[in-house]
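Enquirer: Once you've had a glance at the structure underneath, I'll fire off some questions.
Rule-based calculations on the coordinates, nothing more; no lab input. Every value quoted in this text rests on a predicted model; they were computed, and no experiment measured them. Cβ placement follows ideal geometry from the backbone for every residue including glycine, while neighbour counts extend to all protein chains displayed.
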Amino acid sequence: MVTKNIEPGKDLIANQLCRYLEGRGVEHIFGLCGHTNIAVLSALAESSIDFVNVRHEQISSHAADGYARVTGKASVVLSHLSPGLTNAATGVANAALDCIPMVVIAGDIPSYYYGKHPHQEVNLHADGSQYEIYRPFVKRAWRVDTPELLPEIMEKAFQLAESGQPGPVLVNVPMDYFSAQVENSLWEKQNANTKALKKPSIDDETAREIIQALLDAERPVIYAGGGVALARAWDELKEFVDHLQLPVAHSLMGKGCVPDDHPLVLGMTGFWGTSFTNQQTLNADWIIGLGSRFKEADCSSWYPEYTFNIGEGATKLIHIDIESQEIGRNYPVEIGAVADLKAALKVLNRVAKEMKPEGVQRPELVQAIADFRAEFKSKNTEMQKSDAFPMMPERILADLREAMPRDAYLTSDVGWNKNGVAQQFDIFEPGSILIPGGFATMGFGPGAAVGAQVAAPDRVVISLVGDGGFGQNPAVLATAAAENLPVIWVVMNNNAFGTIAGLQKAHYDLTYGTTFNKADEVLEQTPDYAAIARAYGCVGVRPASAAEFKPALEAAIASRKPTVIDIAMINNPTPTSGHWNILDIYSPEGGVGHVSTD
């Protein structure tokens, strides 16, 4: 710890902050240095907390996001003022829209320089207001106005980040406060506060009402969202599914909440969902929504003829969520309950077994799901086995699934590696898929994989990312090399922002600004990300044929070294069966979607 003429009974706030974080069980902090936070960094040098150094603040916030998803606890980001804080903003906003708990500690200008417009201050419209940059997306942004307030603000920050609907918070600290001295007792007092709040559940009467509705239903469906993962309610959900034999459709963020090889998993709904799944939710008489916001892409822009016909149609909705504002936001609700899903499902399971001890059997439904899976798989077999090079995206996903351990973590980005994975790639271990949902942030996957690997050092972590997403911030490789993190980045390289290129090609018959080479040129995928990986001190591989990809992946998994596999891919669109309102905007005459640009 830093020592500078410490008064009796006091210490530097930087030292006290580190001890406080240690006491909360914080083991890693993600961030980047700046003159406003080096006092904290200097204190961390003598701390048990490991500082994960990055080369760009957006990497730090994405890594902290991935770390929190794996651990289930609030992660910590340490940021510099203004440009550092704005660089990190995209990753923090991504975490916010996916309800990921995070505490951002940001240095600011000296408190006595408010109004003087010192170096790097954001001050064009107001003084001392840097923290307001985050206000639209964090749960709360604190500006610490006196050093003595920091201890209780830190306690409030962690409690707010992790309670209710989780999310990021910002604690904005003038840099002179980190070097100030306050009474140790102000920090010690916080030790008496509970570090985890008891979470709300549902009562037996509500549970019986819900179970009775599902037992009376002819075509009930569970609709699982990301809230299942946030509550870590995977086991309870599976028990509920098994006892009442309820089919499970899911949102993008609900992917993997029940293993994809479970006989009652229908798959993802919406624009990138399958026609079978959309038809099951469309025809359901009762849907029980668990931790879902019923977002646009998952609901085919809420058009009642594609995915959900709730309210005016025949479907009635039961909606359980930890956040009351989500209940009834997009569809009217027959039964709504504010509760933690893990706690609520424990009650529902107990009451279901009391009301229906023998359980429910739906053999015809199980067979229908099995038949659909077989048919869907057969339609993709040709592409999954294709020797075409550049590779078919379906072949990349198929080879990856065969080589990847069942419990490996997979981070996706956007494009085929998000939409295609959600539609066609089996996740067997609940919680092992990390997807950027609400913000759909390009560049999330590579950084999130670093955070996941830090959180789970003994697990295989693979980042499936497009060349557009990986190109956002390849400096993530520097952190992996320095920390010896054996992340494997599989770059699906099609020389394009592929999904948008396909959309533009379909509606405007050109790819201006969406592809990286001129249409009349025949070039290899550029840049060579394998060469860039080697320059950073990682392993870089660039397969020259489809047959070389899977062996390269198996070798990377065995090596336990940070590796980039840069694989050329044909830019075919992910198949769609639902609807998205943008199609109406671009081609109001209808009948137009995405097309291949190859």
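Enquirer: Show me 574-582, 202-210 ranked by packing, highest mean number of other Cβ atoms within 10 Å first.
Expert: Details: 574-582: 18.8, 202-210: 16.9.
Ranked by mean Cβ neighbours within 10 Å, highest first: 574-582, 202-210.
Enquirer: Between R219 and R406, take the C-beta separation as r, use R0 = 41 Å, and let me know the FRET efficiency to the nearest 0.05.
Expert: Values: r = 32 Å, r/R0 = 0.78.
The value I calculate is 0.80.
Enquirer: Oh, and also: Based on a Kirkwood Rh over C-alpha pairs, give the Stokes-Einstein translational diffusion coefficient of the chain at 20 °C and viscosity 1.002 mPa s in µm²/s.
Expert: Working: Rh = 25.3 Å.
Result for D is 85 µm²/s.
Enquirer: I've got another one for you. How would S111, S292, S587, S463 line up from fewest to most surrounding beta-carbon atoms within 10 angstrom? Mind dumping the intermediate values first?
Expert: Values: S111 18, S292 27, S587 14, S463 30.
The most exposed by this proxy come first: S587, S111, S292, S463.
Enquirer: Given a Förster distance of 45 angstrom, what is the FRET efficiency for A126 paired with L197, based on the Cβ-Cβ distance and rounded to 0.05?
Expert: Values: r = 34 Å, r/R0 = 0.76.
FRET efficiency, A126 to L197: 0.85.
Enquirer: Test of understanding: extend the Cα→C-beta vector of A475 to 7 Å, then name every residue of region 35-75 with backbone N under 19 Å from that spot.
Expert: Under cut-off, by backbone N: 35-38, 41, 51-66.
Enquirer: Within a 10 angstrom radius of the beta carbon, how do C257, C33 rank from fewest other beta carbons to most?
Expert: Working: C257 30, C33 17.
Ranking C257, C33 by Cβ neighbours within 10 Å, fewest first, gives C33, C257.
Enquirer: Also, quick follow-up: At 0.36 nm per residue, and after removing the present C-alpha to C-alpha distance, how many nm does the segment from E312 to A535 gain when stretched out fully?
Expert: Values: separation 223, 0.36 × 223 = 80.28 nm, distance 5.92 nm.
Length gained, E312 through A535: 74.4 nm.
Enquirer: Please give the contour-minus-distance gain from K189 to S324: 0.36 nm per residue of separation, less the Cα-Cα distance, rounded to one decimal in nm.
Expert: On the way: separation 135, 0.36 × 135 = 48.60 nm, distance 3.24 nm.
In short, 45.4 nm is gained.
Enquirer: In region 364-431, what trypsin sites (Lys or Arg not before Pro) fall in a loop by DSSP, with at most 10 other Cβ atoms inside 10 Å? Could you put the intermediate results ahead of the total?
Expert: Details: sites: R373, K377, K379, K385, R395, R401, R406, K418; in loops: K385, R406.
Answer by residue number: there is no such site.
Enquirer: Could I ask something else about it? Just want the ordering: H119, H28, H80, H319, from fewest to most Cβ atoms lying within 10 Å of their own Cβ.
Expert: Details: H119 10, H28 18, H80 23, H319 26.
With the sparsest Cβ surroundings first, the list reads H119, H28, H80, H319.
Enquirer: Simple spin-label model, 7 Å along Cα-to-Cβ: E46 to H119 in nm?
Expert: In this crude spin-label approximation the distance works out to 2.6 nm.
Enquirer: Another question, if that's okay. So for region 385-586, averaging the separation of alpha carbon pairs under 8 Å that are six or more residues apart and normalising by length, what relative contact order in percent results? Intermediate values should be presented prior to the final figure.
Expert: Details: 359 pairs, mean separation 52.9, N = 202.
Relative CO of region 385-586 lands at 26 percent.
Enquirer: What is the spin-label model distance, in nm, from H262 to D242 if the labels are put 7 Å beyond Cα along the C-beta direction?
Expert: Each label point is offset 7 Å from its Cα along the Cβ direction, giving 1.0 nm.
Enquirer: Between S559 and D235, 0.36 nm times their residue separation minus their Cα-Cα distance comes to what? Show your work: numbers first, answer last.
Expert: On the way: separation 324, 0.36 × 324 = 116.64 nm, distance 3.27 nm.
Extra length available between S559 and D235 comes to 113.4 nm.
Enquirer: As a test of the formula, what do you get for the chain when each DSSP H run with n ≥ 4 contributes -39,500 (n - 2.57) and the sum is divided by the residue count, at 222 nm and rounded to the nearest 500 deg cm²/dmol? Numbers along the way, then the final one.
Expert: Values: 22 runs with 222 residues, N = 598.
Helices in the chain give a 222 nm mean residue ellipticity of -11000 deg cm²/dmol.
Enquirer: How would you rank 42-54, 446-458, highest first, on the average number of other Cβ atoms within 10 Å across their residues?
Expert: Numbers: 42-54: 18.2, 446-458: 25.8.
Sorting 42-54, 446-458 by mean packing, highest first, produces 446-458, 42-54.
Enquirer: While we're looking at this one, here's another question. Normalised by the number of residues in the chain, what is the relative contact order in percent for Cα pairs under 8 Å and 6+ residues apart?
Expert: Values: 1319 pairs, mean separation 80.2, N = 598.
In percent, rounded to a whole number, it is 13.
Enquirer: What distance in nm separates the simple spin-label points at R208 and D387, each placed 7 Å from Cα in the Cβ direction?
Expert: 6.7
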